[in-house]
Amino acid sequence: MSRLPALHQQLVRAAHEQESREREIGALRTSARRLRLLALSFAGVVLASTTIALAASGVIPIGSAVPANHHLRPGVGLGLPEPGGSRLLPLRVSDPEGGPPWGMRIIRTSREEVCLQVGRVQDGQLGVLGVDGAFKDDGEFHPLPLDSLPARRPEIVGSSVNTTTSCFLPGQAFIGSHIAMRVSAAEESLGRRPQTAPRRDLRDVYFGLLGPQAVSVSYRQDGSQRTQAALPGAGTYLIVRPFNGAEVEFGGSSSGPFGQLAPGGSVDLLTRITYRLDGRLCERGPLNRPAHLAHPCPQGAGPSHRELAQLREHPDLHRPVHVHLQIHDGLVTAADVSFRAPYAIENARHYYSIFLPQPECHPRPGIPRTEAGAGIAIDHNAAAGQIVSARVTYPFAPVRPCMRGKLAVQVDYQPAEGPPRTIVGETTIRQPPGTRGGPHAKPLR
(Lines give C-alpha, C1' and ligand atoms only; values in the text may rest on other atoms or scores of the structure.)
Protein backbone atom coordinates (compact mmCIF):
# COMPACT_ATOMS: atom_id res chain seq x y z
CA MET A 1 0.00 0.00 0.00
CA SER A 2 1.29 3.44 -0.89
CA ARG A 3 2.07 5.77 2.03
CA LEU A 4 1.65 8.97 -0.04
CA PRO A 5 -1.98 9.70 0.93
CA ALA A 6 -1.16 9.36 4.62
CA LEU A 7 1.92 11.56 4.24
CA HIS A 8 -0.13 14.14 2.36
CA GLN A 9 -2.66 14.25 5.20
CA GLN A 10 0.13 14.69 7.77
CA LEU A 11 1.65 17.57 5.81
CA VAL A 12 -1.74 19.29 5.46
CA ARG A 13 -2.38 18.85 9.18
CA ALA A 14 1.08 20.21 10.05
CA ALA A 15 0.52 23.23 7.79
CA HIS A 16 -2.77 24.02 9.54
CA GLU A 17 -1.12 23.70 12.96
CA GLN A 18 1.76 26.01 11.88
CA GLU A 19 -0.72 28.58 10.55
CA SER A 20 -2.69 28.40 13.81
CA ARG A 21 0.51 28.91 15.88
CA GLU A 22 1.51 31.91 13.75
CA ARG A 23 -1.93 33.47 14.26
CA GLU A 24 -1.58 32.96 18.04
CA ILE A 25 1.93 34.45 18.07
CA GLY A 26 0.71 37.43 16.04
CA ALA A 27 -2.15 37.99 18.47
CA LEU A 28 0.25 37.81 21.41
CA ARG A 29 2.60 40.31 19.78
CA THR A 30 -0.27 42.67 19.10
CA SER A 31 -1.39 42.38 22.74
CA ALA A 32 2.16 43.01 23.94
CA ARG A 33 2.42 46.13 21.77
CA ARG A 34 -0.89 47.38 23.16
CA LEU A 35 0.25 46.73 26.73
CA ARG A 36 3.52 48.60 26.12
CA LEU A 37 1.64 51.57 24.66
CA LEU A 38 -0.79 51.48 27.57
CA ALA A 39 2.09 51.36 30.06
CA LEU A 40 3.86 54.28 28.40
CA SER A 41 0.61 56.24 28.31
CA PHE A 42 0.00 55.47 31.98
CA ALA A 43 3.54 56.52 32.87
CA GLY A 44 2.96 59.85 31.13
CA VAL A 45 -0.22 60.38 33.08
CA VAL A 46 1.60 59.48 36.31
CA LEU A 47 4.23 62.15 35.70
CA ALA A 48 1.57 64.66 34.71
CA SER A 49 -0.66 64.11 37.73
CA THR A 50 0.55 64.16 41.31
CA THR A 51 -2.60 62.41 42.50
CA ILE A 52 -2.18 59.42 40.16
CA ALA A 53 1.55 59.24 40.90
CA LEU A 54 0.97 58.95 44.61
CA ALA A 55 -1.94 56.53 44.40
CA ALA A 56 -0.50 54.23 41.71
CA SER A 57 1.89 52.30 43.95
CA GLY A 58 2.80 51.98 47.58
CA VAL A 59 6.52 51.82 46.71
CA ILE A 60 8.28 54.57 44.73
CA PRO A 61 11.76 54.16 43.16
CA ILE A 62 14.60 55.64 45.21
CA GLY A 63 16.28 58.62 43.54
CA SER A 64 19.20 60.86 44.42
CA ALA A 65 19.38 62.43 47.87
CA VAL A 66 18.33 66.03 48.47
CA PRO A 67 21.50 68.14 48.04
CA ALA A 68 23.40 68.91 51.23
CA ASN A 69 23.69 72.49 52.44
CA HIS A 70 27.43 73.11 52.11
CA HIS A 71 27.11 76.49 53.87
CA LEU A 72 26.39 74.89 57.25
CA ARG A 73 29.06 75.66 59.87
CA PRO A 74 29.26 74.57 63.54
CA GLY A 75 29.01 78.06 65.05
CA VAL A 76 26.74 79.83 62.56
CA GLY A 77 22.96 79.83 62.17
CA LEU A 78 21.53 76.46 63.09
CA GLY A 79 24.97 74.87 63.25
CA LEU A 80 25.61 71.27 62.19
CA PRO A 81 23.58 68.17 63.13
CA GLU A 82 25.10 66.60 66.23
CA PRO A 83 26.32 63.01 65.72
CA GLY A 84 23.77 60.65 67.23
CA GLY A 85 21.44 63.53 68.11
CA SER A 86 18.84 62.89 65.43
CA ARG A 87 16.10 60.29 65.04
CA LEU A 88 13.11 59.57 62.84
CA LEU A 89 9.99 59.49 65.00
CA PRO A 90 7.61 56.51 64.64
CA LEU A 91 4.75 58.84 63.65
CA ARG A 92 3.17 57.90 60.32
CA VAL A 93 0.26 59.88 58.87
CA SER A 94 -1.50 58.92 55.64
CA ASP A 95 -1.76 61.48 52.85
CA PRO A 96 -5.31 62.27 51.64
CA GLU A 97 -4.32 61.15 48.10
CA GLY A 98 -2.17 58.16 49.06
CA GLY A 99 1.50 57.47 48.47
CA PRO A 100 4.21 57.30 51.14
CA PRO A 101 3.00 58.47 54.56
CA TRP A 102 4.10 61.70 56.21
CA GLY A 103 6.54 61.61 59.09
CA MET A 104 8.77 63.76 61.22
CA ARG A 105 12.24 63.65 62.74
CA ILE A 106 14.11 65.50 65.47
CA ILE A 107 17.55 66.96 64.73
CA ARG A 108 19.79 68.36 67.48
CA THR A 109 22.44 70.79 66.33
CA SER A 110 25.86 72.00 67.42
CA ARG A 111 24.33 75.34 68.46
CA GLU A 112 22.06 73.53 70.94
CA GLU A 113 18.88 73.89 68.94
CA VAL A 114 16.18 71.27 68.44
CA CYS A 115 14.71 71.10 64.94
CA LEU A 116 11.55 69.33 63.78
CA GLN A 117 11.65 68.34 60.12
CA VAL A 118 8.54 67.16 58.23
CA GLY A 119 8.53 65.04 55.08
CA ARG A 120 7.36 61.82 53.42
CA VAL A 121 8.65 58.45 54.70
CA GLN A 122 9.71 55.36 52.78
CA ASP A 123 11.98 52.48 53.86
CA GLY A 124 12.67 54.19 57.18
CA GLN A 125 13.91 57.38 55.51
CA LEU A 126 12.53 60.92 55.55
CA GLY A 127 12.45 62.50 52.11
CA VAL A 128 10.61 64.36 49.37
CA LEU A 129 8.83 63.18 46.22
CA GLY A 130 9.82 64.08 42.67
CA VAL A 131 6.46 65.64 41.81
CA ASP A 132 4.99 69.16 41.61
CA GLY A 133 8.14 70.49 39.94
CA ALA A 134 10.58 68.93 42.42
CA PHE A 135 13.47 66.98 40.87
CA LYS A 136 12.05 67.55 37.37
CA ASP A 137 8.97 65.46 38.19
CA ASP A 138 10.93 62.22 38.03
CA GLY A 139 8.38 60.44 40.23
CA GLU A 140 11.09 59.11 42.58
CA PHE A 141 11.61 59.28 46.34
CA HIS A 142 14.57 61.49 47.34
CA PRO A 143 15.99 60.91 50.85
CA LEU A 144 16.55 63.99 52.99
CA PRO A 145 20.03 63.82 54.61
CA LEU A 146 20.68 65.46 57.95
CA ASP A 147 23.07 68.00 56.43
CA SER A 148 20.32 69.37 54.21
CA LEU A 149 19.24 71.69 57.01
CA PRO A 150 18.28 75.08 55.56
CA ALA A 151 20.20 78.31 56.04
CA ARG A 152 18.40 80.58 58.47
CA ARG A 153 17.78 84.27 57.90
CA PRO A 154 19.84 86.46 60.27
CA GLU A 155 16.75 87.94 61.94
CA ILE A 156 15.42 84.52 62.93
CA VAL A 157 16.56 82.86 66.17
CA GLY A 158 14.75 79.96 67.81
CA SER A 159 11.71 79.76 65.53
CA SER A 160 10.43 78.46 62.19
CA VAL A 161 13.06 78.35 59.46
CA ASN A 162 11.11 77.32 56.36
CA THR A 163 8.09 75.26 55.34
CA THR A 164 9.67 71.93 56.30
CA THR A 165 11.91 72.75 59.28
CA SER A 166 11.26 74.53 62.58
CA CYS A 167 13.84 75.00 65.33
CA PHE A 168 13.66 76.02 68.97
CA LEU A 169 15.62 75.66 72.20
CA PRO A 170 15.84 72.46 74.28
CA GLY A 171 13.25 72.23 77.02
CA GLN A 172 10.70 74.28 75.07
CA ALA A 173 7.32 72.98 74.02
CA PHE A 174 6.58 73.93 70.42
CA ILE A 175 3.48 74.14 68.19
CA GLY A 176 3.77 74.84 64.46
CA SER A 177 1.74 74.82 61.26
CA HIS A 178 2.58 75.00 57.56
CA ILE A 179 -0.37 76.06 55.41
CA ALA A 180 -0.35 75.18 51.69
CA MET A 181 2.68 72.91 51.95
CA ARG A 182 3.57 71.02 48.78
CA VAL A 183 2.40 67.42 48.54
CA SER A 184 5.99 66.54 47.60
CA ALA A 185 7.21 67.90 50.99
CA ALA A 186 9.91 69.76 49.02
CA GLU A 187 11.12 73.21 49.95
CA GLU A 188 10.33 76.06 47.55
CA SER A 189 13.69 75.90 45.82
CA LEU A 190 13.00 72.27 44.79
CA GLY A 191 9.50 72.73 43.39
CA ARG A 192 6.97 75.16 42.03
CA ARG A 193 5.70 78.03 44.11
CA PRO A 194 2.44 77.21 45.94
CA GLN A 195 0.62 79.91 43.96
CA THR A 196 1.15 77.87 40.77
CA ALA A 197 0.40 74.46 42.27
CA PRO A 198 -3.07 72.93 41.86
CA ARG A 199 -5.13 73.06 45.03
CA ARG A 200 -5.18 69.24 45.24
CA ASP A 201 -1.36 69.25 45.45
CA LEU A 202 -1.23 71.36 48.63
CA ARG A 203 -1.55 70.28 52.25
CA ASP A 204 -2.11 71.95 55.61
CA VAL A 205 0.34 70.38 58.08
CA TYR A 206 0.13 70.79 61.86
CA PHE A 207 2.78 69.46 64.21
CA GLY A 208 4.38 69.99 67.58
CA LEU A 209 6.56 68.79 70.40
CA LEU A 210 4.78 69.22 73.73
CA GLY A 211 7.04 67.39 76.16
CA PRO A 212 6.66 64.26 78.30
CA GLN A 213 3.59 65.58 80.14
CA ALA A 214 1.47 65.68 76.94
CA VAL A 215 -1.06 62.86 76.52
CA SER A 216 -3.11 63.84 73.45
CA VAL A 217 -4.27 66.69 71.21
CA SER A 218 -7.83 67.30 70.04
CA TYR A 219 -8.98 69.10 66.88
CA ARG A 220 -12.02 69.52 64.66
CA GLN A 221 -12.28 67.91 61.24
CA ASP A 222 -15.33 67.43 59.01
CA GLY A 223 -17.58 68.81 61.75
CA SER A 224 -16.51 66.33 64.40
CA GLN A 225 -14.04 66.32 67.28
CA ARG A 226 -11.01 64.10 66.82
CA THR A 227 -8.24 63.14 69.23
CA GLN A 228 -4.71 62.02 68.43
CA ALA A 229 -2.43 60.52 71.05
CA ALA A 230 0.86 62.33 71.57
CA LEU A 231 3.97 60.22 71.12
CA PRO A 232 5.08 59.15 74.62
CA GLY A 233 8.24 60.78 75.89
CA ALA A 234 8.56 63.64 73.41
CA GLY A 235 4.85 64.48 73.21
CA THR A 236 4.98 64.93 69.43
CA TYR A 237 1.99 64.92 67.07
CA LEU A 238 1.46 65.34 63.30
CA ILE A 239 -1.76 66.15 61.42
CA VAL A 240 -1.99 66.37 57.61
CA ARG A 241 -5.11 67.72 55.89
CA PRO A 242 -6.06 68.86 52.37
CA PHE A 243 -5.45 72.55 51.73
CA ASN A 244 -8.45 74.44 53.09
CA GLY A 245 -8.04 77.61 51.05
CA ALA A 246 -6.33 79.81 53.64
CA GLU A 247 -3.61 82.26 52.64
CA VAL A 248 -0.84 80.54 50.69
CA GLU A 249 2.58 80.25 52.36
CA PHE A 250 1.06 81.14 55.72
CA GLY A 251 1.60 79.40 59.01
CA GLY A 252 2.46 80.07 62.60
CA SER A 253 4.25 78.83 65.66
CA SER A 254 4.31 79.29 69.41
CA SER A 255 6.47 77.97 72.22
CA GLY A 256 6.40 77.75 75.98
CA PRO A 257 7.34 75.61 78.97
CA PHE A 258 6.59 71.89 79.00
CA GLY A 259 3.13 71.21 80.43
CA GLN A 260 1.98 74.82 80.06
CA LEU A 261 1.67 75.44 76.33
CA ALA A 262 -1.93 75.94 75.18
CA PRO A 263 -3.32 75.89 71.62
CA GLY A 264 -2.93 79.35 70.19
CA GLY A 265 -3.30 81.49 67.10
CA SER A 266 -5.90 81.52 64.37
CA VAL A 267 -3.89 79.06 62.24
CA ASP A 268 -3.65 76.49 65.03
CA LEU A 269 -5.99 73.59 64.41
CA LEU A 270 -5.96 72.30 67.98
CA THR A 271 -8.96 72.79 70.25
CA ARG A 272 -7.30 71.41 73.38
CA ILE A 273 -4.21 69.69 74.72
CA THR A 274 -4.46 67.02 77.42
CA TYR A 275 -1.59 66.80 79.92
CA ARG A 276 -0.80 64.55 82.85
CA LEU A 277 0.36 66.87 85.64
CA ASP A 278 1.08 65.57 89.14
CA GLY A 279 -0.45 62.24 88.18
CA ARG A 280 -3.78 63.73 87.01
CA LEU A 281 -5.21 64.37 83.55
CA CYS A 282 -6.08 67.97 82.74
CA GLU A 283 -6.73 70.09 79.64
CA ARG A 284 -5.67 73.42 78.20
CA GLY A 285 -7.75 75.21 75.56
CA PRO A 286 -7.08 78.15 73.23
CA LEU A 287 -6.50 81.40 75.08
CA ASN A 288 -8.20 83.45 72.34
CA ARG A 289 -11.14 81.03 71.92
CA PRO A 290 -12.38 80.13 75.41
CA ALA A 291 -13.96 76.69 75.57
CA HIS A 292 -15.54 74.63 78.31
CA LEU A 293 -12.98 72.24 79.73
CA ALA A 294 -14.07 69.38 81.98
CA HIS A 295 -10.73 69.27 83.78
CA PRO A 296 -8.78 72.50 83.21
CA CYS A 297 -5.08 72.46 84.05
CA PRO A 298 -3.89 74.84 86.76
CA GLN A 299 -2.37 78.02 85.45
CA GLY A 300 1.38 78.39 85.71
CA ALA A 301 2.73 80.92 88.15
CA GLY A 302 3.16 84.34 86.56
CA PRO A 303 6.23 86.56 86.96
CA SER A 304 6.75 88.10 90.37
CA HIS A 305 6.84 91.87 90.96
CA ARG A 306 10.62 91.66 91.15
CA GLU A 307 10.82 89.80 87.83
CA LEU A 308 8.49 92.34 86.20
CA ALA A 309 10.70 95.16 87.47
CA GLN A 310 13.77 93.40 86.01
CA LEU A 311 12.05 93.09 82.64
CA ARG A 312 11.68 96.87 82.53
CA GLU A 313 15.35 97.40 83.32
CA HIS A 314 18.02 97.24 80.64
CA PRO A 315 21.58 97.56 81.95
CA ASP A 316 23.74 99.70 79.67
CA LEU A 317 27.44 98.90 79.23
CA HIS A 318 28.08 102.06 77.14
CA ARG A 319 30.51 100.27 74.81
CA PRO A 320 31.49 101.98 71.53
CA VAL A 321 29.41 101.12 68.46
CA HIS A 322 30.75 101.97 65.00
CA VAL A 323 28.58 102.46 61.89
CA HIS A 324 29.76 102.86 58.30
CA LEU A 325 27.14 103.66 55.63
CA GLN A 326 27.25 102.05 52.20
CA ILE A 327 26.32 104.75 49.63
CA HIS A 328 25.95 104.10 45.88
CA ASP A 329 24.73 106.75 43.40
CA GLY A 330 23.20 108.81 46.18
CA LEU A 331 21.39 105.81 47.68
CA VAL A 332 22.18 104.64 51.20
CA THR A 333 21.89 100.87 50.75
CA ALA A 334 23.22 99.45 54.03
CA ALA A 335 24.97 100.14 57.30
CA ASP A 336 27.95 98.12 58.52
CA VAL A 337 27.80 97.94 62.32
CA SER A 338 30.73 96.74 64.44
CA PHE A 339 31.45 96.45 68.17
CA ARG A 340 33.62 94.51 70.60
CA ALA A 341 31.74 91.62 72.19
CA PRO A 342 31.67 91.91 75.99
CA TYR A 343 30.41 88.32 76.42
CA ALA A 344 31.17 85.08 74.60
CA ILE A 345 28.41 83.56 72.45
CA GLU A 346 28.66 79.76 72.45
CA ASN A 347 25.23 78.64 71.24
CA ALA A 348 21.76 79.84 70.24
CA ARG A 349 20.68 80.34 73.87
CA HIS A 350 22.03 83.88 73.70
CA TYR A 351 22.97 86.26 70.92
CA TYR A 352 23.72 89.85 69.96
CA SER A 353 21.22 91.92 68.03
CA ILE A 354 21.24 95.26 66.27
CA PHE A 355 18.20 97.29 67.25
CA LEU A 356 17.02 100.45 65.48
CA PRO A 357 14.77 102.29 67.95
CA GLN A 358 11.83 104.05 66.35
CA PRO A 359 10.17 106.14 69.09
CA GLU A 360 6.59 107.18 68.53
CA CYS A 361 6.25 110.85 67.67
CA HIS A 362 3.01 110.88 69.66
CA PRO A 363 3.36 107.99 72.14
CA ARG A 364 0.29 106.29 73.54
CA PRO A 365 -0.13 106.07 77.29
CA GLY A 366 1.65 103.11 78.86
CA ILE A 367 3.92 102.39 75.89
CA PRO A 368 7.62 103.29 76.41
CA ARG A 369 8.91 105.68 73.77
CA THR A 370 12.04 103.74 72.93
CA GLU A 371 10.64 100.16 72.72
CA ALA A 372 9.26 100.48 69.18
CA GLY A 373 11.62 99.71 66.34
CA ALA A 374 13.13 96.93 64.29
CA GLY A 375 16.25 94.85 64.40
CA ILE A 376 18.11 91.73 63.36
CA ALA A 377 19.81 89.00 65.35
CA ILE A 378 23.47 88.15 64.86
CA ASP A 379 23.15 84.39 64.93
CA HIS A 380 26.72 83.16 65.19
CA ASN A 381 29.16 82.36 67.96
CA ALA A 382 31.72 84.92 69.11
CA ALA A 383 34.56 85.01 71.64
CA ALA A 384 34.61 87.59 74.42
CA GLY A 385 36.57 90.61 73.19
CA GLN A 386 36.12 89.70 69.51
CA ILE A 387 35.17 92.41 67.01
CA VAL A 388 31.70 91.51 65.71
CA SER A 389 30.43 93.02 62.45
CA ALA A 390 27.06 92.83 60.72
CA ARG A 391 25.46 94.54 57.74
CA VAL A 392 21.86 95.74 57.88
CA THR A 393 19.66 97.27 55.22
CA TYR A 394 19.37 100.99 55.83
CA PRO A 395 17.07 102.19 57.06
CA PHE A 396 15.65 98.91 58.32
CA ALA A 397 12.53 100.83 59.38
CA PRO A 398 11.31 104.21 58.00
CA VAL A 399 12.74 107.21 59.84
CA ARG A 400 9.85 109.07 61.42
CA PRO A 401 9.54 112.84 60.80
CA CYS A 402 10.06 113.72 64.47
CA MET A 403 13.50 112.07 64.36
CA ARG A 404 14.69 114.86 62.01
CA GLY A 405 16.81 112.59 59.84
CA LYS A 406 18.61 110.92 62.71
CA LEU A 407 18.67 107.21 63.33
CA ALA A 408 19.79 105.51 66.53
CA VAL A 409 21.68 102.21 66.28
CA GLN A 410 21.69 100.10 69.43
CA VAL A 411 23.52 96.81 70.03
CA ASP A 412 21.93 94.45 72.56
CA TYR A 413 23.04 91.26 74.27
CA GLN A 414 19.95 89.08 74.42
CA PRO A 415 19.66 85.80 76.35
CA ALA A 416 16.98 83.67 74.70
CA GLU A 417 15.72 82.76 78.17
CA GLY A 418 16.34 84.10 81.64
CA PRO A 419 17.31 87.70 82.49
CA PRO A 420 16.38 90.66 80.26
CA ARG A 421 18.59 92.04 77.55
CA THR A 422 21.64 94.22 78.17
CA ILE A 423 22.40 97.28 76.06
CA VAL A 424 25.99 96.90 74.86
CA GLY A 425 26.14 100.39 73.40
CA GLU A 426 24.47 102.78 70.99
CA THR A 427 25.18 105.61 68.62
CA THR A 428 23.24 108.05 66.46
CA ILE A 429 23.84 108.60 62.77
CA ARG A 430 22.46 111.18 60.35
CA GLN A 431 21.76 110.43 56.73
CA PRO A 432 24.14 112.51 54.59
CA PRO A 433 22.55 115.47 52.76
CA GLY A 434 21.59 114.73 49.17
CA THR A 435 21.14 110.99 49.71
CA ARG A 436 18.11 108.77 49.96
CA GLY A 437 17.88 105.68 52.12
CA GLY A 438 16.06 102.41 52.19
CA PRO A 439 15.85 99.23 50.11
CA HIS A 440 13.09 100.66 47.88
CA ALA A 441 14.47 104.16 47.34
CA LYS A 442 15.77 105.10 43.89
CA PRO A 443 19.23 106.67 43.38
CA LEU A 444 19.33 110.41 42.79
CA ARG A 445 20.00 111.49 39.18
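Mind listing whichever residues of the stretch 91-106 are within 17 Å of H178 (Cβ to Cβ) and buried (at least 23 other Cβ atoms within 10 Å of the Cβ)?
Across the stretch 91-106, the qualifying residues are W102, G103, M104.
How many residues, within the stretch 314-347, are at pLDDT 90 or above, of a type in the set (A, V, I, L, M, F, W, C) and either in a loop (DSSP other than H, G, I, E, B) or over 30 Å from C115 (Cβ atoms) (or both)?
Residues meeting the conditions: 5.
Across the stretch 136-147, what is the total count of residues that are part of a helix (DSSP H, G or I) and either buried (at least 21 other Cβ atoms within 10 Å of the Cβ) or basic (K, R) (or both)?
Number of matching residues: 1.
Does L209 fit the bill of being among the aliphatic types (A, V, I, L, M) and more than 23 Å from L293 (Cβ to Cβ)?
no
Taking only pairs six or more apart or across chains, which ones have beta-carbon atoms under 7 Å, a first residue in the stretch 176-194 that is more than 13 Å from N244 (Cα to Cα) and at pLDDT below 85, and a second residue that is assigned to a helix (DSSP H, G or I) and not aromatic (F, W, Y)?
L190/A134; G191/A134
Only residues that are farther than 18 Å from H324 by Cα, touching a strand residue (DSSP E or B) at 6+ places or on another chain (Cβ under 9 Å), at pLDDT below 75 and of a type outside the set (K, R): list them for the stretch 421-445, please.
A441, P443, L444
Specify the residue that is nearest to E112 (Cα to Cα); the eligible residues are those in the stretch 350-369 that are modelled with pLDDT under 90 and surrounded by 14 or more Cβ atoms within 10 Å (Cβ to Cβ).
Once the filter is applied, the top-ranked residue is F355.
Could you give me the residue pairs with C-beta distances under 6 Å whose first residue belongs to the stretch 110-125 and is outside any strand (DSSP E or B), whose second residue is β-branched (V, I, T) wherever it lies, and which are 6+ apart or on separate chains?
Taking only residues 6 or more apart or on different chains, not a single pair turns up.
Looking only at the stretch 68-85, count every residue that is within 17 Å of the chain's Cα centre (by Cα) and surrounded by fewer than 16 Cβ atoms within 10 Å (Cβ to Cβ) and tell me the total.
Summing the residues that are within 17 Å of the chain's Cα centre (by Cα) and surrounded by fewer than 16 Cβ atoms within 10 Å (Cβ to Cβ) in the stretch 68-85 gives 2.
Output the strands (runs of 3 or more DSSP E) that fall wholly within the stretch 206-313 and possess 1 or more residues being modelled with pLDDT of 95 or more and over 30 Å from I423 (Cα atoms), or say none.
214-221, 224-229, 236-242, 270-277, 280-284
Does the stretch 2-21 contain at least one residue that is at pLDDT below 50 and part of a loop (DSSP other than H, G, I, E, B)?
The answer is yes; a qualifying residue exists.
Starting from the stretch 337-356, keep only residues that are over 15 Å from H314 (Cβ atoms), then list their pairs with residues that are assigned to a loop (DSSP other than H, G, I, E, B) and aromatic (F, W, Y) whose Cβ atoms are within a distance under 6 Å, requiring at least 6 positions of separation or different chains.
Final answer for the pair search is L356/F396.
The values are calculated or read from the model by the stated rules, or taken from the named source; none is laboratory data. Just so it is clear, the structure is predicted and the values come from calculations on it, not from any experiment. Every residue, glycine as well, gets a Cβ built from its backbone with ideal geometry; the counts of neighbours run over all protein chains shown.
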